[in-house]
Amino acid sequence: GSDRVSERLIFDPDQQPVVAQIWGTIPESFYKVAQDIKKRGFAGIDINMGCPERTVIRDGACSGLIRTPELAAEIIQATKEGSGGLPVSVKTRIGFEKESIDEWLSFLLKQDISTLTVHLRTVRELSKVPAHWELMPQVVRLRDSLAPHTFIVGNGDVTSLSEIKEKFEAYHCDGFMVGRGIFANPWMFNSQVDLADKTVEEKISLYLHHIDMFKKQWDGVHHFAQLKKFAKTYINNFPAASDFREKLMETKTIDELQQTLESLR
């Protein structure tokens, strides 16, 4: 959250530029964290105003800020003041209980942000309905009239590079954010790879690499059980895959998770 920054918030500066996403409700904390993010060498700051998780919005954070636009504006301003010139972006949804593009997104576009990422569902809808891509032209028109310098990024039900190309040609937003689509295909961003050609061995190797990266970055900070939610991403489409995933779910440590995966090779 924006009210604290973990000392484990690190990355390899030789890799691609990294944007730090923050959330919370206290403008002063956003200011301080933005200063820290600048010192750490990040390329930009994204403010999460879209997460629909109940315990978060109950406190008024993330998509809860849709209900308090004045506070949202204070948070954006505080982040920009503390950012040392880094670009500041916002990720949000098209409304809370119902679609409110003209009100909520217009308000955000008037805040002089670098990028607005729009998840094309309301908070109430969670991810239970198809994303409303038919509304993207309305969002783009708003941007063109209110803040032509702001990039618009579309989010929701994007599952392949070919789909991104189709949506770009149809809706003309500036970019796309992928969420759950990566769970279906961890090679999604490699146009040279056909998932159907990937062997069980290759999937296991990538899963083990994923686990190894988690150990290097988050060991002792985040519980290893988070890695189990990726089991269906990597362990699928072969006989007894379901039974093997059950074995992975029963593991008690990260080492046991690795060893169980190794046993399948």
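Since every read-out is calculated from the coordinates, none of them should be taken as a lab result. Predicted model, so just to flag it, every value in this text is computed and none were measured. Cβ coordinates were reconstructed from backbone atoms using ideal geometry, including for glycine residues, and neighbour counts include every protein chain displayed.
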How do the peptides 91-100, 226-235 rank, highest first, by the average count of neighbouring beta carbon atoms within 10 Å per residue? 91-100, 226-235
Return one number: the angle in degrees, 0 to 90 and rounded to the nearest 10, between the long axis of the Cα atoms of helix 161-171 and the longest principal axis of the Cα atoms of the chain. 20
Which of the lysines could be linked to Lys165 by a straight reach, that is with a Cα gap under 22 Å, when you skip same-chain ones fewer than 8 residues away? Lys91
Rank Gln226, Leu135, Gln77 by how far each Cα sits towards the positive end of the charge dipole of the chain (+1 on Lys, Arg Cβ; -1 on Asp, Glu Cβ) and give me just the farthest. Gln226
With Cα atoms, 0 to 90° folded angle of helix 27-40 axis to the chain main axis: 60
Quick one: net charge of Val140's neighbours, Cβ under 15 Å, K/R +1, D/E -1? -2
Once Lys and Arg get +1 and Asp and Glu get -1 on their Cβ, which of Met177, Thr150, Leu105 lies farthest toward the positive end of the dipole of segment 78-192? Met177
Could you point to the label whose value was computed as percent of Cα pairs over 24 Å apart for the structure here, given (i) 39; (ii) 56; (iii) 52? (ii)
Across bins of 10 angstrom width beginning at 0, how are the C-alpha pair distances of segment 180-233 distributed, in whole percent? 21, 51, 24, 4
Below 8 Å, C-alpha to C-alpha, sequence gap of six or more: please give me the relative contact order for the chain in percent. 11
Residue-wise HN-Hα coupling along segment 193-201, computed from phi with Karplus coefficients 6.51, -1.76, 1.60 (Hz; x: Gly, Pro): 10, 9, 3, 4, 8, 6, 7, 4, 4
Over every pair of different alpha-carbon atoms in segment 68-163, take the mean of 1/r and invert it; report that Kirkwood radius in Å. 14.0
Partner lysines whose C-alpha sits under 24 Å from that of Lys203, ignoring same-chain residues fewer than 8 away, are Lys215, Lys216, Lys228, Lys229, Lys232, Lys247, Lys252
Amide H to amide H under 5 Å from Asp46: which residues, 5+ apart in sequence or cross-chain, H placed 1.01 Å off N in plane? Ala20, Gln21, Ile22, Ser89
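Applying a 10 Å radius around every beta-carbon, put 210-220, 122-132 in order of their mean neighbour count, most first. Intermediate results must be reported in sequence, preceding the final value.
Working: 210-220: 12.9, 122-132: 15.6.
The packing order, highest mean first, is 122-132, 210-220.
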